[in-house]
Amino acid sequence: MMTILIQLTLRKQNNMYVFIVNPVAGNGRAKKIHSKLTELADYKKMSPVCFYTKYKGHAEKIALQIRSDTSIKTIVVIGGDGTMHEVVNGLENRDISISFIPGGSGNDFARGASSPLNPNEVFKNIQENKGNVDYWLGVYNMKDKDNRKFINCIGFGFDAVVTKSANQSHYKRLFNTVRLGKLGYTIAIIRELLFYRPISIIVETDNLTKKYSNCFLITINNHAYFGGGMKINPLAQNNRDDFSVLIIDSISKWKVLALFLTVFTGKHIHFKEVKIISTKQIKISAEKPIPFQADGETGKTVSCFIKKAPLPIKIKGT
């Protein structure tokens, strides 16, 4: 039934602007942003079609159902990084430009794509047809599962544990309300550090296979940011050729606190326990399930293969 309704909606016009809005992102901030845009005369001139997501994964289903529609000019995503993650995993038609109006708690994709954090500025750029820059995604594959894409990073170990903790915390909504989402992530770091145990993994890159028996975390990055502005890998730049991989190995818990004090400036890469490598593809293997996160979506796995997407998506509004 939903597919039929979407098709009937999209048959109204050509060169459409389709808005996919996550009303709960940023504790309702995305919904407020869209509500203000609807009051603008320039918004109404677009004759936009809007879909509000109703549950986790809904944005992906919407994108999947509209991806072959040739009448769509641009998809405008209003939400957080998780909403954007869902849309790119549902969308395959690369003739459709995607715009991201940040309305979540982290909005690291906007930082990594050099897109404005101010919603009005992004909307103005969309109107003026600015952007359409290439953005290269990562593709990851877990054992016995279909390929998935990530916009920001995929990580294993401590960052996955912290991400899950922050997502499930009762204080996340409070901090999002007062625009202090970073503080919630910092609290999760301190809390999880007390109980976290490093993982044992095998890392296979283009030129080397190495076992890390005391790995604190490993993150594969499309750009520098995660956790709401932390420069986890300041050397990472979005490109078509390779990933920047950051590995933290054999570090004491007390030193981790010092490391995270410098993560917003990127100075932590000078710690001796931190290593950064470049590779076109990478495989992570473990003897037992280890925690992972991809754009804030968490889970566990024993094996993961990561590579570059063969073609870029087009980002409009930067």
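Here the condition is being over 21 Å from Pro234 (Cα atoms), surrounded by fewer than 24 Cβ atoms within 10 Å (Cβ to Cβ), in contact with a helix residue (DSSP H, G or I) (Cβ under 7 Å, 6 or more places away or on another chain) and modelled with pLDDT under 90; of Arg148, Arg94, Arg179, Arg173, it holds for Arg173 alone. Please specify each residue of the stretch 52-91 satisfying the condition of being buried (at least 22 other Cβ atoms within 10 Å of the Cβ) and of a type in the set (Asp, Glu). Matches in the stretch 52-91: Asp81, Glu86. Looking at the stretch 241-276, which of the residues that are hydroxyl-bearing (Ser, Thr, Tyr) and open to solvent by 20 Å² or more (accessible area, probe 1.4 Å) is farthest from Ile154 (Cα to Cα)? For the stretch 241-276, the residue satisfying everything is Ser252. Has the stretch 119-127 got any residue that is over 12 Å from the mean Cα position of the chain (by Cα) and either closer than 11 Å to Lys314 by Cα or in a loop (DSSP other than H, G, I, E, B) (or both)? No, the conditions are met nowhere in the stretch 119-127. Taking the criterion of being under 15 Å from Ile101 (Cα atoms), part of a helix (DSSP H, G or I) and touching a helix residue (DSSP H, G or I) at 6+ places or on another chain (Cβ under 7 Å), the residues of the stretch 53-85 that qualify are Ala59, Asp81, Thr83, Met84. Select from the stretch 151-170 the residues that are within 22 Å of Ile199 (Cβ to Cβ) and open to solvent by 30 Å² or more (accessible area, probe 1.4 Å) and write down the one among them that is modelled with the lowest pLDDT. Ranking the candidates gives Gln168 first. Within the stretch 277-304, which residues are farther than 20 Å from Lys164 by Cβ and open to solvent by 50 Å² or more (accessible area, probe 1.4 Å)? Scanning the stretch 277-304 gives Ser278, Lys280, Gln281, Lys283, Glu287. I'd like the full set of residues that are β-branched (Val, Ile, Thr) and under 30 Å from Tyr135 (Cβ atoms), limited to the stretch 185-198. The answer is Thr186, Ile189.
The values are calculated or read from the model by the stated rules, or taken from the named source; none is laboratory data. Remember, it's a predicted structure, so these values are computed and weren't measured experimentally. Here Cβ is always computed from backbone atoms with ideal geometry, including for glycine, and neighbour counts include all displayed protein chains. Accessible surface areas use protein heavy atoms only, side chains included; no ligands, DNA or RNA. Shrake-Rupley method; radii C 1.70, N 1.55, O 1.52, S 1.80 Å.
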